[in-house]
Ligand code: SF4
Ligand code: SF4
């Protein structure tokens, strides 16, 4: 899973960690907030939910004001990136004189650093193996601090577990996009734009569900519809199911069998 890195060549190394690592980040380190400037930062669907709530704006407005799309590691689907300010240092727009102004809702990349997590699919009963890495950037002096963390303690301290759960759901959808499901239209495919909306733009997706013929075409129980009205996380999960349905015809969504339903 991608995280963030500063744009300049920073001398990054990455090592597998089975047990513990030394690290600490606090206002006393000489590099404090260095990583919040000129950063190349990926955002995930759950990040958008947390940040737009924190900022009190719609997902549409958040995407327009604070993000851009770029083709990076997947040639068939754009990554969502955080837009830096256009000051000389290209600072993160959420950087204040005291540090991160949205700290409790900072995105996954910021909270997980320096830990990186990779999920490998396996054939055993768990179906997956999780590997943890520690990234070391030469500008980051946190690695010289003496505080020792186990992987578990870091996950707990940074409240990463919920983000991991949400990002695991996203990885399943992202892997569908990596198989180029768009046909000859490629990146210009209207289906790609719909998929992007369902994954990242929950407020627009909600309008699509409740302000079009959607509910007359899909068999959605009333309790599910109520949950989608109330919870952005449920909406995101439903968006993933919908993408799975229209790209692979699998998953829990069911169409209503009626003569006038085109599906
Ligand atoms: S969101 Fe917060 S922690 Fe992340 S780069 Fe911006 S200011 Fe720094
Ligand atoms: S210690 Fe590392 S993570 Fe913390 S502010 Fe410095 S560069 Fe950023």
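The values are calculated or read from the model by the stated rules, or taken from the named source; none is laboratory data. This structure is a prediction, so every number in the text was calculated from the model and none was measured. Neighbour counts run over all protein chains shown; Cβ positions are idealised from the backbone, glycine included.
Each residue in segment 165-194 was checked for being under 27 Å from residue 127 (Cα atoms), surrounded by 14 or more Cβ atoms within 10 Å (Cβ to Cβ) and free of Cβ contacts under 8 Å to residues at least 60 places away in the same chain, and 1 pass.
Of all residues in segment 51-65, those satisfying the criterion of being at negative phi and surrounded by fewer than 21 Cβ atoms within 10 Å (Cβ to Cβ) are 53, 54, 55, 57, 58, 60, 61, 64, 65. Among residues belonging to segment 93-107 that are within 17 Å of the chain's Cα centre (by Cα) and either near ligand 1 (Cβ under 10 Å from one of its atoms) or part of a loop (DSSP other than H, G, I, E, B) (or both), point out the one that is farthest from residue 156 (Cα to Cα). Per the criteria, the residue is 102.
Only residues that are surrounded by 10 or more Cβ atoms within 10 Å (Cβ to Cβ), closer than 20 Å to residue 170 by Cα and more than 15 Å from ligand 2 (Cβ to nearest atom) were counted across segment 87-120, and they come to 4.
Condition check: loosely packed, with under 12 Cβ neighbours inside 10 Å, out of contact with any helix residue (DSSP H, G or I) (no Cβ under 6 Å at 6 or more places or on another chain) and assigned by TED's automatic domain parsing to the domain that holds residue 47. Does residue 124 satisfy that?
Taking the combined requirement at face value, the residue satisfies it.
Residues in segment 120-154 that are under 20 Å from the mean Cα position of the chain (by Cα), touching a residue at least 12 places away in the same chain (Cβ under 8 Å) and over 20 Å from residue 41 (Cα atoms): 130, 131, 154.
Out of 73, 47, one residue alone is within 28 Å of residue 130 (Cα to Cα), in a loop (DSSP other than H, G, I, E, B) and touching a residue at least 24 places away in the same chain (Cβ under 8 Å). It is 73.
Looking at residue 162, is it under 19 Å from the mean Cα position of the chain (by Cα), surrounded by fewer than 18 Cβ atoms within 10 Å (Cβ to Cβ) and more than 21 Å from residue 19 (Cβ to Cβ)? It is true that residue 162 is under 19 Å from the mean Cα position of the chain (by Cα), surrounded by fewer than 18 Cβ atoms within 10 Å (Cβ to Cβ) and more than 21 Å from residue 19 (Cβ to Cβ). Being surrounded by fewer than 12 Cβ atoms within 10 Å (Cβ to Cβ), within 16 Å of ligand 2 (Cβ to nearest atom) and assigned by TED's automatic domain parsing to the domain that holds residue 75: is that true of residue 137 here? Here the answer is no, as residue 137 does not meet what is asked.
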